[in-house]
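**Student:** So that we are looking at the same thing, I have put the structure below in structure tokens.
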Amino acid sequence: MDHLDSVVQGLQVALQPGNLVFVALGVFIGTLIGVLPGLGPTATIALLLPLTYVLDPATAIILLAGIYYGSVYGGTITSVLLHIPGEASSVVTTFDGYPMAQQGRAGPALGIAAVGSFAGGMTATVVLVLLAPMLAGIALSFGPPEYTLIALTGILLVAWMGNVSVGRALVAAGLGLMLATVGLDPISGEPRFTFESTSMLAGLDFIPIAMGLFGLGEVLYNIDKSPTGTKIKHKIGRIWPTRSDFQQAGPSLARGTVLGSLLGLLPGGGSVVSSMSSYVVEKRRAKDPSRFGKGAIEGVAGPEAASNAGSTTAFVPLLTLGIPPNVVLALLYGALLIQGITPGPTLMTDRPEVFWGVIASMFVGNVLLLVFNTALIGAFVQVLRIPITILSTVAVVVMLVGVYTVQNRVFDMVVVLVFGLVGYALRKFGYEVGPLVLAFILGGILETSLRQSLLISGGDFAVFVTRPVSGGILAVIAVLVLVVVGRTWLTSRRTADPVTGSGAER
């Protein structure tokens, strides 16, 4: 079956009345929670994971995917109007989006952001259609050594590309790897770290951990930030940008789309790295860089296109290799496992309706996203007036009821409460929970593949070097380690050297 036939099959799945409703619902909810600072797609998807039990697999992932890329744009609204990024990827939009609002151009800023998100998302979906089958074909030749090193690369890259220090990110990842070992040994069947609890023999379940860390943990962390509604100071006015705006921002849209599509393919890439990289590129290419930070429309257009493009192509390693490249897609990985589906190179042939249905739904979702965020912008803004305490109370109740209904176990509710406190503590002390969850997901793949590799080779670690693909991946890991160590060393030298660094002024 060629690409065109596959896409047509996917569109038939996506355009089924039920799935079409869930596509629209997903992008609507995504935009809505993107508008509300402190919630975001991670907490919302974690909250909705129990719902996936009662939905068809394709429908469940279509809904969650819509929430993901819908929220990428939703955070733009608060970035422009309030100087508050609703999402991490929207931080860059505050640099020039808010100054545009101060100049009375909030409407064009939101309009060009919507167009950029649409262009980036649609183009990246085409890239997904073209690259995913190719990469899945290559991945069919992978064995345990290759999967061992791919899982290790994913953990390291996510740790290095986080928003905190590498050391803190690696500590969080180490905790995730430790939690992944709880339960029965996958090779010998011996119980590990179960403390003689029968509830822990099967290991810690992904859903209550995710709901605790991202749902309850985020609620506890954000509940005291905005107890009352928010007052909008800037009028939106006309949304659609002028012809002059399009001429000025067009090249930035194109560059952001290409850059985001490429960076989204990397583990740890996605929307955050893509938007930040695009802003740097646009500022360096500008004839007058001093305009940036003062309301340059290119500083909104490029990063928004890159952000949505990166969030879309990030599905490639998830669907083809079974490796979630960021935290949100780790939750989607868990949702697939709940449905009894293992993401990877055989997904395209074993469950084509899921593989192609999800991809095709992105074409529909991006069109709906453009419509929603040009026609309903006023309604989304009104949501900002709802006190966060009300939303948080409802979220906690739904969370605990939802996790109990999955397996009817009080133990799962306890896990949510415990990891809610863990997530809150990690955030409070400056640690990210993202590397922890990704390491927990990838830890099972890493351990099983590593031990299978050593069984195949008779305990000889040379198996990771002598195989061409695994040797190449190992070389990439070595280069990444050297680059990060070297950059850290140079930074510390500049800080400590009173001659070459400004850090001497203490």
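Every number here is computed from the coordinates shown, using simple stated rules; none is lab data. The shown structure was predicted, so the numbers you read here are calculated from the model rather than taken from an experiment. Glycine gets a Cβ as well: all are built from the backbone with ideal geometry, and neighbour counts include every protein chain shown.
**Student:** Tell me the Kirkwood hydrodynamic radius of the stretch 242-336 in angstroms, computed as one over the mean inverse distance between distinct C-alpha pairs.
**Tutor:** One over the average 1/r among Cα pairs gives 13.6 Å for the stretch 242-336.
**Student:** Where does the charge balance sit around P303 when Lys and Arg score +1, Asp and Glu -1, over other residues with C-beta under 10 Å from its C-beta?
**Tutor:** Summing Lys and Arg as +1 and Asp and Glu as -1 gives -4.
**Student:** Going by average Cβ neighbours within 10 Å, how do the peptides 456-469, 112-125 rank, with the highest at the top?
**Tutor:** 112-125, 456-469
**Student:** Highest mean first, what order results for 241-250, 352-361, 184-193, 440-449 on Cβ atoms within 10 Å?
**Tutor:** Top of the packing list down: 352-361, 440-449, 241-250, 184-193.
**Student:** By the scheme Lys and Arg +1, Asp and Glu -1, what is the net charge of all other residues having a beta-carbon under 15 Å from that of G174?
**Tutor:** -1
**Student:** Another question, if that's okay. Give the distance, in whole Å, between the Cα centre of the stretch 340-363 and the Cα centre of the stretch 262-328.
**Tutor:** What the calculation gives is 25 Å, centre to centre.
**Student:** Here is a follow-up. Over the C-alpha atoms of the stretch 13-77, what are the Rg and the largest Cα-to-Cα span, Dmax, in Å?
**Tutor:** 11.4, 34
**Student:** If you don't mind, another one. Ranked highest first by the average count of other Cβ atoms within 10 Å around their residues, in what order do 174-183, 25-34, 331-340 fall?
**Tutor:** Highest mean packing first, the order is 25-34, 331-340, 174-183.
**Student:** Moving on. What nm distance separates the two modelled labels at E190 and W489, each placed 7 Å from Cα along Cα→Cβ?
**Tutor:** 3.9 nm
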